[in-house]
Each structure stands twice: as C-alpha cells, then as structure tokens.
Amino acid sequence: MATTTTKREQLYEQIRKHGEDLLRIFPQATEQDPVKLCKKLRRMETEGERQAVAYCNGDHDMERHETLTDQLLARVNKLLGNTREYQPKTGAKCGCKQGLVRDNCPTCEGTGQVVDFRAIRTAPPTVPVFINSDPRGHALKIRDEWVRDAQVLCRDGRTVYVGTKLEEWIHRHHSYSVVHALKHEGFTIKSVSIHRDWGGYGIIAPDLTENS
Ligand SMILES: [Zn+2]
C-alpha cells in the first residue's frame with residue numbers, strides 16, 4: 001500500500017515539474033496551475049495522436065487533416081498564451097473621420113482605435129509549436145533547433161523573455177549589455193528545460209505514467 005502511494009506521489013511530482021517547465025517557457029498560459037495545465041494538454045495530445053492515426057489509416061484526406069491539425073494547434077497555442085495579437089491597441093481613440101478616411105487610416109487601420117505599433121515591433125516571438133502527424137511519435141512538439149538554442153531570461157524569479165535573440169531583446173528593452181544586466185540588474189539566464197524525445201524535439205504533453 002505504502003509503495004503505491006509513493007509511486008502516485010512521484011508521478012504527481014513529475015507532472016508538477018513538467019507543468020512548471022512549461023510555464024517558464026509559456027509565462028502567458030491561460031492556465032497557470034502546472035498540474036491542470038498538463039492535464040488539459042494531455043487531452044489535446046491524445047486528440048492529436050488520434051488524428052494522426054486516422055490520417056495514417058486513410059480515414060480523412062490531407063486537406064481535412066490540415067484543417068483538423070490547424071484547429072488543434074490554435075487551441076494549444078491559445079491555452080499556452082503562445083499567440084501574438086494582430087492589432088494590439090494603445091487604448092486611445094483615433095482622430096480620423098468615419099467612412100472612407102477611416103477605411104484607409106494607417107494609424108488605426110480602420111478600427112477607430114489607435115494601433116500600438118510599438119507593441120507589435122517589440123512583442124516577444126512565439127515558440128515554434130507544431131503538430132506532428134507521424135502516429136509513432138508525440139503529436140504536440142516544439143522545434144528541435146529552438147529547444148537547443150533558446151534561452152530563458154528571468155528577473156526576480158519571473159520569465160521576461162524566452163527565445164533565441166536574448167541579446168537583442170535586452171538591448172531593445174533596457175539598453176544594457178548582457179553582462180551588465182546579469183551583474184547589476186537582477187537578470188538571470190537559463191537554458192530551456194523541457195521533456196525531449198530522441199530527436200531533440202520538445203515534448204509538450206508526454207505520458208509521464210510510462211516512466212513510473
Ligand atoms: Zn484612424
């Protein structure tokens with residue numbers, strides 16, 4: 001009996017750690033509870049694996065398959081907060097007149113609300129998440145070269161940037177050198193910690209019960 005409890009506790013601990021790894025990479029995730037996040041992603045993983053098997057068996061054609069995987073990927077990215085707003089607004093109303101002038105207004109792009117172009121320029125890049133359609137592997141993956149090269153920049157224990165252009169980011173936002181930022185500004189750099197498969201791809205929703 002005692003052994004069973006320990007095993008279950010170990011599994012829970014593994015899931016929690018994986019969830020925390022994910023939240024470091026995806027600090028904007030709409031689910032901030034690490035265990036709940038893993039459970040939601042596991043359901044999406046299972047859905048992706050089922051789609052891959054169905055496609056492999058010829059149950060649906062390539063066009064249908066692409067539609068299904070696009071829809072699933074959009075849901076995964078939304079949950080992970082791995083999206084970039086197309087037209088972020090500053091909150092100010094635009095001074096242009098409604099009608100033809102507004103339709104062609106470069107300041108609000110026809111919305112009547114001033115578009116925040118600075119936010120568009122400085123928005124953090126999104127993480128290259130994709131759906132793998134090979135039924136032998138995991139469905140929800142992160143590109144291997146990104147997993148290898150990306151770094152996590154933290155300040156006061158919070159992720160402020162994740163990606164492969166860390167130096168550029170520091171210069172753009174704080175105009176410090178990386179050395180200065182690390183020494184005097186309270187920044188720390190970590191490499192990406194995430195479950196990986198044999199090919200070096202990041203695995204978003206591994207079946208952690210397999211290990212125990
Ligand atoms: Zn306008």
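FYI, it's all coordinate maths here, none of it is from the lab. Values in this document were obtained by computation on a predicted structure and should not be read as measured data. Cβ: placed from backbone, ideal geometry, glycine included. Neighbour counts: every protein chain shown.
In table form, for the structure just shown:
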read-out: Volume per residue that the Cα convex hull of region 94-212 spans, once the total is divided by residue count, Å³; value: 186 Å³
read-out: Degrees, to the nearest 10: 62-80 long Cα axis against longest axis of the chain; value: 80 degrees
read-out: Protection-proxy order for peptides 68-77, 83-92, each taking the mean of Cβ atoms within 10 Å per residue, highest first; value: 68-77, 83-92
read-out: Ellipsoid semi-axes in whole angstrom, largest first, where each is sqrt(5λ) of the Cα gyration tensor of the chain; value: 35, 27, 16
read-out: Spatially proximal aspartates and glutamates relative to residue 190 (Cα-Cα < 20 Å; intrachain offsets below 8 disregarded); value: 20, 21, 144, 145, 149, 156, 167, 168
read-out: Between region 5-83 and region 104-125, the alpha-carbon center distance in angstrom; value: 31 Å
read-out: Phi to ³J(HN,Hα) by Karplus 6.51 cos²θ - 1.76 cosθ + 1.60 over region 96-110, Hz, x for Gly, Pro; value: 6, 7, 4, x, 4, 4, 4, 4, 9, 6, x, 7, 10, 6, x
read-out: Listed peptides 18-29, 153-164 by packing density, highest first (mean Cβ within 10 Å); value: 18-29, 153-164
read-out: Free-standing Cys residues across the chain, given no other cysteine C-beta under 4.7 angstrom; value: 38, 56, 154
read-out: Phi to ³J(HN,Hα) by Karplus 6.51 cos²θ - 1.76 cosθ + 1.60 over region 12-26, Hz, x for Gly, Pro; value: 4, 4, 5, 5, 4, 5, 4, x, 5, 4, 5, 5, 6, 7, 10
